[in-house]
Amino acid sequence: MQRPLAASLLTALALTMTLSLTACAGAAATAPKDTRAPTVPSGVTATAGSASTVHVMWSAATDDRAVTGYAVYREGRKVKDLPATTLMTDVVGLAPATPHRFTVRARDAAGNVSPPSVTVTATTLRAAAEDRRPPTTPTALRVTADGSRAATLRWSPARDDTRVTAYDVYQADTRIHTVPGTTTTAHLTGLRPGTAYAFTVRARDAAENSSPDSAPADLTTAPSPGAPPNTAPRDLTATARKGEITLTWTPPRTGAPVTHHELHLDGRFATTIVWGTTPPPGRATYTFPVQDTPGTRYTVTLRAQLPDGTWGDFSAPRTVVVR
């Protein structure tokens, strides 16, 4: 008497699963298919950085759902596949003193690909004799805001025993922009409102020798309408000595003494700096030990604990090299 009952249960279960799968398949079949391609990437530029490299940059495309990546083409052949967060790349291994043509296309998750961008051309530099001497450091770097999402950098030119072929702009020790060596300005877009930034510039020659970083230029972008003012610590400096790094900064004005700061290294939490009593007025100082190999680079940021117990905005970053 139990076997027919078990068989009936199995049959009912199978029927239920079949109906469920059919319903899911029907729902999937009726889901709208994405057939719309992203827009064409705009603002494409190509700059020769050496006898064998060209730096290609572009502005972000848009999509009715989301752009998931970009492809860079040279002479019609794809040479790079990049994620949607990347808007620049170096194309390497090129022939010296040769013009090269580049285009960029955007793609989405459904595999739709935009038409190619306008074609831009860059001619690689002539191969030169071995050059190991880097350019001098760019000086007098300054930054001005262009609204809350853009900025313009200006600096005094570097010198080189051959010639400066490019200037690279860095933010938090990451290159974000490149301009030709004949240019001493750069326009940056895609910044976030109400955010503290620090920019540096390096000069580069045809042999890919790079100068040391310029002195940083800080900028805090204007907040969005209705947003609270920025609460980042200001004027952060980071100085390395043998076995230690010393930070100095000006705490934000919060209406009450700031007794806690968070220290982050390379974007990761490192420690909380706590004053057990009322913190000293004016500039704050903190020294911490490091045991890394000399030459190790750190990007340092701070943020303060606000009177309501929440953490404020991050400071403009500083890059420091272990000695």
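None of the figures in this text is laboratory data; all of them are computed from the coordinates on show. Nothing here was measured: the structure is a model prediction, and the numbers come from that model. In this analysis, Cβ positions are derived from the backbone assuming ideal geometry, glycine residues included, and neighbour counts consider all displayed protein chains.
With each label modelled as a point 7 angstrom along the Cα→C-beta vector, the L265-T183 pair spans 3.7 nm. Using the empirical formula 2.2 N^0.38 Å as the baseline, the Cα radius of gyration of the range 164-323 reaches a ratio of 1.14. Estimate the FRET efficiency between V274 and R175 by the formula 1/(1 + (r/R0)^6), using the beta-carbon distance for r and 25 Å for R0, to the nearest 0.05. Here the calculated transfer efficiency is 0.10. Placing a pseudo-label 7 Å from each Cα along the Cα-to-Cβ vector at T239 and A95 gives an inter-label distance of 5.4 nm. Full extension of the chain segment joining Q291 with A127 gains 54.9 nm, where the gain is 0.36 nm per residue of separation less the Cα-Cα distance. For the chain, what does -39500 (n - 2.57) per DSSP helix run (n ≥ 4), summed and divided by total residues, give at 222 nm, in deg cm²/dmol to the nearest 500? Taking each H run of at least 4 residues, the total per residue is -3000 deg cm²/dmol. Coordinate range of the alpha-carbon atoms in the range 139-220 per principal axis, descending: 41, 20, 19 Å. Which of these, V290, V67, V164, has the largest mean-square fluctuation under a Gaussian network model of the chain (Cα springs below 10 Å)? Looking only at V290, V67, V164, the largest GNM fluctuation is found for V290. Three principal axis extents describe the C-alpha atoms of the chain; from largest down they are 91, 66, 43 Å. How would the range 42-123 be classified by its alpha-carbon gyration tensor: rounded, prolate or oblate, with rounded meaning a/c under 1.5 and the a/b versus b/c comparison settling the rest? In terms of gyration-tensor shape, prolate. Scattering from the C-alpha atoms of the range 234-321 alone, worked out with Debye: what is log10 I(q)/I(0) at q = 0.23 1/Å? Debye curve over Cα of the range 234-321, log10 I(q)/I(0) at q = 0.23 Å⁻¹: -1.20. Charge tally around P212: other residues with Cβ under 14 Å, Lys/Arg +1 each, Asp/Glu -1 each, net 0.
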